[in-house]
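The values are calculated or read from the model by the stated rules, or taken from the named source; none is laboratory data. In this text the structure is predicted, and so the values were computed from the model without any measurement. Here the Cβ is made from the backbone with ideal geometry for all residues, glycine too, and neighbour counts use every protein chain on show.
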Amino acid sequence: MKELIFSTNNDWTGLVTRLTIGIVLFAHGSQKMLGWFGGGGFENTMAYFTSNQHLPAVIGFMVICIEFFGALCLMAGFTGRLFAIAVIFLFLGIIFTVHGPNGFFMNWYGTKKGEGYEYHLLMIGLAIATLINGSGKFSIDGLICK
């Protein structure tokens, strides 16, 4: 089990993919958890998820935790593969529940009802690379496996 969770190729690819996911996801997660960067904070985000999006509270809670704590773990390179799986499911859920009907492209000109899912596919691709490769150089996973 240790090998499955913590193993890594200890290369630059894992470092780049996990830091990219982690940094971008942390910005969104801190909006939801702490209200940073113009976000609503935990209470308002939970209300939005349960009232507007009609998600069960446990799903809303998991979204916030994956985006905030998962991002921190990815940046540190701790359980990178587990959080890569969580990110894949998170972004598939976001595509199917919110952004799918808006098409592929982002809403650059404000002419659509919402944003497309191109960004979400990029995050899924990075998460798949992290899942395959592991956390890479300078990761806690690499230290655990030594």
All-but-one check, residue 4 against (1) part of a helix (DSSP H, G or I); (2) at pLDDT below 95; (3) buried (at least 20 other Cβ atoms within 10 Å of the Cβ), failing number (3)
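Rundown of residues vs (1) surrounded by fewer than 18 Cβ atoms within 10 Å (Cβ to Cβ); (2) under 15 Å from residue 89 (Cα atoms); (3) out of contact with any helix residue (DSSP H, G or I) (no Cβ under 6 Å at 6 or more places or on another chain); (4) of a type in the set (Asp, Glu), yes/no style:
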residue: 39; (1), (2), (3), (4): yes, no, no, no
residue: 44; (1), (2), (3), (4): yes, no, yes, no
residue: 51; (1), (2), (3), (4): yes, no, yes, no
residue: 60; (1), (2), (3), (4): no, yes, no, no
Given (1) at pLDDT 95 or above; (2) over 17 Å from residue 122 (Cα atoms); (3) surrounded by 15 or more Cβ atoms within 10 Å (Cβ to Cβ), residue 86 misses just (2)
